[in-house]
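A quick write-up on the structure given underneath.
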2 protein chains.
Amino acid sequence: MDEAATRVLDAAECLFYERGIHAVGMDELRSASGVSLKRLYQCFPAKEQVVVAYLRRRHSRWLGEMRAFVEGHEPGSRVAAVFDWLDGWFREPGFRGCAFVNSAGEMGAGSPVVLAVAREHKVAVRGFFGELTGDETLATQLSLLAEGAITLAAVGGDPSAACQAKDAAAVLVDQMLSSSRFRSKSGHR
Amino acid sequence: MDEAATRVLDAAECLFYERGIHAVGMDELRSASGVSLKRLYQCFPAKEQVVVAYLRRRHSRWLGEMRAFVEGHEPGSRVAAVFDWLDGWFREPGFRGCAFVNSAGEMGAGSPVVLAVAREHKVAVRGFFGELTGDETLATQLSLLAEGAITLAAVGGDPSAACQAKDAAAVLVDQMLSSSRFRSKSGHR
DNA sequence: TGCCAGCGAGAACGGTCGTTCTCTACCCTA
DNA sequence: TAGGGTAGAGAACGACCGTTCTCGCTGGCA
């Protein structure tokens, strides 16, 4: 990837997330990145492609950082670690919710490709919970809690949502463990 | 309230929710509602006030409909009924997620009043769960599940999120009941 | 009947957007 | 040194936005 494109995406990641997509014009992207308008349009023939590239890169970074944090914990406490990581994120200055949900809400109705990128992100998050738990149902339920926490932390302005979600997640994990132990011990049929 | 204002809000509720706020201009609001631009600006001196009024009215309707549905069920199955109601909502044609989350994501960064209305909505939803359960912690956890279900149904395009959330909610409610029974029976101290 | 306040229709205005074009300066090659 | 292709700076363009203004009409009242 071009170094100019990287600078554009750096600027886009700050500005789009902070103020929303339609509130940031190409001119502002230009002045913030120091990349001329001509070159900007050589890298990204339209604004929508800047948005898509911004979201794709943010997806890699976000999931990578979460994964690195979680995998630094014992296997038995990794689900809880996810919510600890979310808690740290919620308390960062400038936290404004999920970039993918915000972008999809803003452009999704008129831009199927942005909606698709957001969807891929959510599928990947659920997949990560699947890796952690090895159980599809539990993975979905945990991703529900995580999504809810992100939404309530952003819109509700309450970072403690992560902690509440962590407690609920512990209950769900316990329940799943005991029910699967029960199933394997009783071995029905 | 003026009948013209009602017609404007009817149009706004359809258009803003379906296509997003900044994608719908005042001219389109005028033609869709049949209210002249002059009168529209008499009712709402700026677009932001249309947005706020739209959100407030939607909040009343949405919570009212959910409440009516839930209160038509036995007290013991009302938490589950919330998620049944969400399931029906998710399957409606044109479902596009939470209007408050979408609006806050689109305008929240530049419009504190819109963010505040969205926040009030989320507080009210949590309060409703509080009425149902009589337990603050459980209410928060259930609202996390509900918010997560809305997000995943909208962005992930998966209406079955409501069903998954319902199952998780049942686990959390059971756990809460058994732990409080335990506490009252053992009567610690 | 004459008059005036209020209305709707839509033009007008200033601003901003995404995108393209122009022009100038520069660098690499011959 | 001469020339041509490239890049940057920024003007230009057409479209659209939110908002205001104009203007002709209407309908109630003296």
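Tabulated values for the structure
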| read-out | value |
| --- | --- |
| Whichever residue in region B:2-45 is of a type in the set (Gly, Ala, Ser), closer than 19 Å to B:Gly110 by Cα and within 13 Å of DNA strand C (Cβ to nearest atom) and, among such residues, is nearest to the other protein chains (Cβ to nearest Cβ) | B:Ala23 |
| Filtered residue count, region A:52-79, keeping only those that are farther than 17 Å from A:Gly130 by Cβ and in contact with a Lys or Arg (Cβ under 7 Å, 6 or more places away or on another chain) | 0 |
| Residues satisfying the stated conditions in region B:140-171, i.e. among the hydroxyl-bearing types (Ser, Thr, Tyr) and at the interface with chain A (Cβ under 8 Å from one of its Cβ atoms) | B:Thr140, B:Ser143, B:Thr151 |
| Pairs, first in a helix (DSSP H, G or I) in region A:106-126, second among the charged types (D, E, K, R), C-beta under 6 Å, six or more apart | A:Glu106/B:Glu106 |
| One residue from A:Val173, A:Val155 being more than 16 Å from the chain's Cα centre (by Cα) and at pLDDT 95 or above | A:Val173 |
| Those residues of region B:1-40 which are out of contact with any helix residue (DSSP H, G or I) (no Cβ under 8 Å at 6 or more places or on another chain) and within 13 Å of DNA strand D (Cβ to nearest atom), in sequence order | B:Arg19, B:Ala23, B:Gly25, B:Ser31, B:Lys38 |
| Any pair with Cβ under 7 angstrom, 6 or more apart, that starts in region A:147-164 at a residue that is open to solvent by 20 Å² or more (accessible area, probe 1.4 Å) and ends at one that is of a type in the set (Asp, Glu) | A:Leu152/A:Asp158; A:Leu152/B:Glu147; A:Pro159/A:Asp87; A:Cys163/A:Asp87 |
| Candidates B:Phe100, B:Phe83 - the one that is modelled with pLDDT of 95 or more, facing chain A (nearest Cβ under 10 Å) and open to solvent by less than 30 Å² (accessible area, probe 1.4 Å) | B:Phe100 |
| For B:His188: the one exception among (1) at pLDDT 95 or above; (2) part of a loop (DSSP other than H, G, I, E, B) | (1) |
| Count of region B:13-59 residues which are assigned to a helix (DSSP H, G or I), among the small types (Gly, Ala, Ser) and open to solvent by less than 30 Å² (accessible area, probe 1.4 Å) | 2 |
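The values are calculated or read from the model by the stated rules, or taken from the named source; none is laboratory data. These numbers come from a predicted model, not from an experiment. Reconstructed Cβ throughout: ideal geometry from the backbone, glycine too, with neighbour counts over all protein chains shown. Accessible surface areas use protein heavy atoms only, side chains included; no ligands, DNA or RNA. Shrake-Rupley method; radii C 1.70, N 1.55, O 1.52, S 1.80 Å.
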